[in-house]
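A.B. asks: The structure follows.
The values are calculated or read from the model by the stated rules, or taken from the named source; none is laboratory data. Values in this document were obtained by computation on a predicted structure and should not be read as measured data. Using ideal geometry, Cβ is built from the backbone for each residue, glycine included, and neighbour counts are taken over all protein chains shown.
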Amino acid sequence: MAVIDTEGLRKAYGGVTAVEGLDLTVEAGSVYGFLGPNGAGKTTTMRMLTGLTRPSDGTATVAGVDVRDRDRLGEHIGYVPDTPPLYETLTAREHLHAVADVRGLDPAVKRERVPELIERFDLAAADDRIESYSTGMKQKTSIIQAVAHEPAALFLDEPTSGLDPTATRTLKAVLADLRQGGTAVFLSTHALSVADELADRVGLLSDGELLAENDPEALKAASETATLEAAFVELTSDEEAAARLRGSP
Amino acid sequence: MTGPPALVVARVTVVELYRRVSGSTPMAVLFTALPVFFAVQLSGLFGPGAYDYGLQLAAGDAEAVGARVREATVSGLVLLGLMGVLGAGAGNSERKERYVTFLTASTTRAVVLGSVCRQVLVWTVMLWPAAAVAGVAVAAGAGRPVAALSLVGGSLWLFAVATVATVPVGFAARWLLDSAGLPKNARLGLGVGLMGGFYALLFSREQVTAALSGTPVSWAGDLLLVTVPGVDADPLAAAGFLLGTAALMAVALALSVRLAGVVWYGGHADAPEGDAGTAPVDRQETRPRAALTDLVGREAAALVETTWRRTARTPKTLWYVYPGALVGLVMAERLVYAGPFSAAMYPVVLGFSGAVAAGSGFTLNPLGTEGDALPWLLTAGVGSAAVVRAKALAVVLVAVPLVAGGALGVALAVGAPPAVALAALAFALALSVLAPLLSLAVGVHYPPDAEGLLGGSVAVPNKSASAAYTLGMLVVAAPGLGGLGQFALSGSVAPAVLAGGVGLTTLLAVVAGRLGYGHAVARLDDYSVE
């Protein structure tokens, strides 16, 4: 079942087109690696899919809800933006409880899940103010606020940014659990080893257009490279290779 | 950019400031209008002013003119010094993060000197043109161009002295606060105290000037008058002031560099607040929270409580309440204490200015105040109406008991008749409920839907928003102010006038509040990060 579905999704700022004719499908219980060079339109796409930016054209639904209907969309999604969306003067625990309450999470579930995730991510300073946190600790808090309600679709924009190897491993485990539970994970990252390891399918965006889409192994084979990183470099710098790949299944 | 490091820092920061000012119409207007306004006021172009002192000088009354200029110079120097202390205390010249690039590429000394140069320039551009025009006006009136030399040059020197000499005070204050590990709320208290001191000195400047008349500070007058013919300025005293203050600035700069090193590299983190301990208490289950949840529901209660917590822990937000409070103080002083209205006007002033103040904080820029956290709020599926209601509730639940209750209490305390006390209560109640709704309606326009809002903090509130909001409150309050004001002025008022005035204010508040609420919700619904 497709949780994320876009057709001809487009976003233009004045005369500049950021995303052009994006057709995507992400199934429930899968991880979609959304890759691309800086300025390719990944963040704009994420913002459209999370209701933060209105598409200029095309359709997009998440869990069957039109992304233009932000109020209804919210209950189905979790979002980790590139900058942790946190109230710095609250403690992580206060912030996470507030987010859970606003999302309407059952109080009993909240009391169980929030401490569990805090412990899982080893966020020992959960009762200190967020303003005193390191980048990694803020990122952990940002991730917890996005996953605590076990959304149908989880959007992650550079989620490993600032995380230490242990926390990165925890994140991977949490994502695996969510996938197991049926969550569609939409993962944008420059840490290609993470995408290589987790993604069931990878989409490569360049200049706002989907250059290639396949599972990581097929992508590597088509570009005749051994790693996703090499495939990425090859495809984003070699037009012939990209054209060849567009023709591939 | 090449040159001595201090010069490079100064040049870069000045260019950055210039671009910020020239890129913003309100700031450009402020930077232009303020000097022009003061220059017109002081010069005598309209009404009495410096030009008239020049005429007086030409008529041979040099002694009186000299005395007036001396008095103005010393009181000006005192006020400049106080403003300098306030500015330095607020970190005008020493905000480390602004110069972190330079600090890692240059010396502390260069960064301090560069930032002080910038500060001197800002003050000079804002305020000195008025002093310079006044100096020229005196010379023109007297028909003695040479008089302008010391008046213009001397006033420029005073600006430089006041700015530079107060820089170490700011560093010392920071060092003391950091060393003592005071929380931010205590710092705010200190800031309020300083502000109180400023006003105390502002209103007693004549006494302060008189007390300083026999001290070397009064030599500043000789410096400004040294080329003005016939006023008996002492060139030695002028030279003494020049040398003394030059030495003072040198010491201040050296001290600033020393203190900057201690403050910037001392490793003092901002002290945590008292209630941010490490006890893993589930605060959501407290009794007040449970009562709030019963009252407004769990989602709204979470948003209201979060808003309160953030406000209590970000005392800076309360600074935006300050203009409203100042309006109240000025109204009380001008209308009642030194004016024709009776004490019955106090509850009316409290109702109006209290409501204006209450709505001036975090609701005046509801999108901007969310800062980095805005994405989660917008993607939480909570709904724009719920967000607007929660923001308004956070204000109303505090403002109604304080402002409306306060207005009723004061009305009873000053012996207002029951009908007037009830009218004051209704007036304050209507405005207290309207304030956050009007504030939200205006505030959703600031900042505009511009790229860069997400992931960045936004100044709260925008000055234009503040002005529009205050004007709106005034329009709604006007009929009620009229009815209640008539009683406070004459001791009696026709019941129809009282009821009509307050009734009309209430009606306007209901209509404006409804429209404001609807507008804020619609605007938030339409919000898109572009």
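Residue-wise test of (1) of a type outside the set (S, T, N, Q); (2) at the interface with chain B (Cβ under 9 Å from one of its Cβ atoms).
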{"residue": "A:T45", "(1), (2)": "no, no"}
{"residue": "A:L49", "(1), (2)": "yes, no"}
{"residue": "A:T53", "(1), (2)": "no, yes"}
{"residue": "A:R68", "(1), (2)": "yes, no"}
{"residue": "A:D71", "(1), (2)": "yes, yes"}
{"residue": "A:Y79", "(1), (2)": "yes, yes"}
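A.B. asks: Of the conditions (1) farther than 28 Å from A:D128 by Cβ; (2) at the interface with chain B (Cβ under 9 Å from one of its Cβ atoms), A:T83 satisfies every one except a single condition; which number is it?
C.D. replies: Single failed check for A:T83: (1).
A.B. asks: Restricting attention to region A:107-126, which residues are facing chain B (nearest Cβ under 10 Å), more than 21 Å from the chain's Cα centre (by Cα) and more than 23 Å from B:L374 (Cβ to Cβ)?
C.D. replies: A:P107, A:R111, A:P115, A:A124, A:A125
A.B. asks: If a residue has to be in contact with a helix residue (DSSP H, G or I) (Cβ under 6 Å, 6 or more places away or on another chain) and not in a helix (DSSP H, G or I) to count, how many in region B:226-265 make the cut?
C.D. replies: Counting residues in region B:226-265 that are in contact with a helix residue (DSSP H, G or I) (Cβ under 6 Å, 6 or more places away or on another chain) and not in a helix (DSSP H, G or I) gives 7.
A.B. asks: If you don't mind, there's one more thing I want to ask. Whether any residue in region A:144-163 is in a helix (DSSP H, G or I) and within 11 Å of chain B (Cβ to nearest Cβ) is what I want to check.
C.D. replies: Start the filter on region A:144-163 by keeping residues that are in a helix (DSSP H, G or I), which leaves A:144-147.
With the extra rule that they be within 11 Å of chain B (Cβ to nearest Cβ), the set shrinks to A:145-146.
Yes, that holds for at least one residue.
A.B. asks: Does B:E16 count as of a type in the set (D, E) and within 23 Å of the chain's Cα centre (by Cα)?
C.D. replies: Yes, satisfied.
A.B. asks: Find all pairs meeting these conditions: Cβ atoms under 6 angstrom apart; at least six residues apart or on different chains; first residue within region B:49-77 and closer than 17 Å to B:A220 by Cα; second residue modelled with pLDDT under 90 and among the charged types (D, E, K, R).
C.D. replies: As it stands, the answer is B:S75/B:R205, since those pairs meet every condition given.
A.B. asks: For B:G409, state whether it is within 14 Å of another protein chain (Cβ to nearest Cβ) and either surrounded by fewer than 24 Cβ atoms within 10 Å (Cβ to Cβ) or of a type outside the set (A, V, I, L, M, F, W, C) (or both).
C.D. replies: When the stated conditions are applied, B:G409 does not pass them.
A.B. asks: Which pairs turn up if I take residues in region B:361-373 that are within 14 Å of chain A (Cβ to nearest Cβ) and look for partners that are buried (at least 24 other Cβ atoms within 10 Å of the Cβ) and of a type in the set (F, W, Y) with beta carbon separation below 7 Å, at least 6 apart in sequence or on another chain?
C.D. replies: Listed pairs, sorted by first residue: B:T369/B:F362; B:A373/A:Y87.
A.B. asks: Within region B:435-449, can one find any residue that is surrounded by fewer than 21 Cβ atoms within 10 Å (Cβ to Cβ), within 14 Å of chain A (Cβ to nearest Cβ) and modelled with pLDDT under 90?
C.D. replies: Yes, the conditions are met somewhere in region B:435-449.
A.B. asks: Among B:G483, B:G503, which is over 20 Å from B:S342 (Cβ atoms), more than 14 Å from chain A (Cβ to nearest Cβ) and modelled with pLDDT of 95 or more?
C.D. replies: Only one candidate qualifies: B:G503.
A.B. asks: Also: When you scan region B:108-221 for helices (runs of 4 or more DSSP H) that lie fully inside it, which ones turn up with 2 or more residues that are under 22 Å from the mean Cα position of the chain (by Cα) and at pLDDT 85 or above?
C.D. replies: Values: elements: B:108-142, B:147-180, B:184-203, B:205-212.
Where helices (runs of 4 or more DSSP H) fall fully within region B:108-221 and carry at least 2 residues being under 22 Å from the mean Cα position of the chain (by Cα) and at pLDDT 85 or above, they are B:108-142, B:147-180.
A.B. asks: Also, quick follow-up: What about A:A92, is it surrounded by fewer than 20 Cβ atoms within 10 Å (Cβ to Cβ), more than 7 Å from chain B (Cβ to nearest Cβ) and at pLDDT 90 or above? Steps first, answer last, please.
C.D. replies: Details: surrounded by fewer than 20 Cβ atoms within 10 Å (Cβ to Cβ): no; more than 7 Å from chain B (Cβ to nearest Cβ): yes; at pLDDT 90 or above: yes.
No: the conditions fail for A:A92.
A.B. asks: Taking the condition surrounded by fewer than 20 Cβ atoms within 10 Å (Cβ to Cβ) and either more than 14 Å from chain A (Cβ to nearest Cβ) or not in a helix (DSSP H, G or I) (or both), does B:A325 pass? Steps first, please.
C.D. replies: Working: surrounded by fewer than 20 Cβ atoms within 10 Å (Cβ to Cβ): yes; either more than 14 Å from chain A (Cβ to nearest Cβ) or not in a helix (DSSP H, G or I) (or both): yes.
The answer is yes for B:A325.
A.B. asks: Return the residues of region A:127-136 that are surrounded by 14 or more Cβ atoms within 10 Å (Cβ to Cβ) and either more than 11 Å from every other protein chain (Cβ to nearest Cβ) or over 24 Å from the mean Cα position of the chain (by Cα) (or both); say none if nothing qualifies.
C.D. replies: Once the filter is applied, which keeps residues that are surrounded by 14 or more Cβ atoms within 10 Å (Cβ to Cβ) and either more than 11 Å from every other protein chain (Cβ to nearest Cβ) or over 24 Å from the mean Cα position of the chain (by Cα) (or both), region A:127-136 yields A:D127, A:D128, A:R129, A:E131, A:S132, A:Y133, A:G136.
A.B. asks: Which numbered condition in (1) within 7 Å of chain B (Cβ to nearest Cβ); (2) surrounded by fewer than 17 Cβ atoms within 10 Å (Cβ to Cβ) is the only one that A:T59 fails?
C.D. replies: Here A:T59 meets the rest and fails (1).
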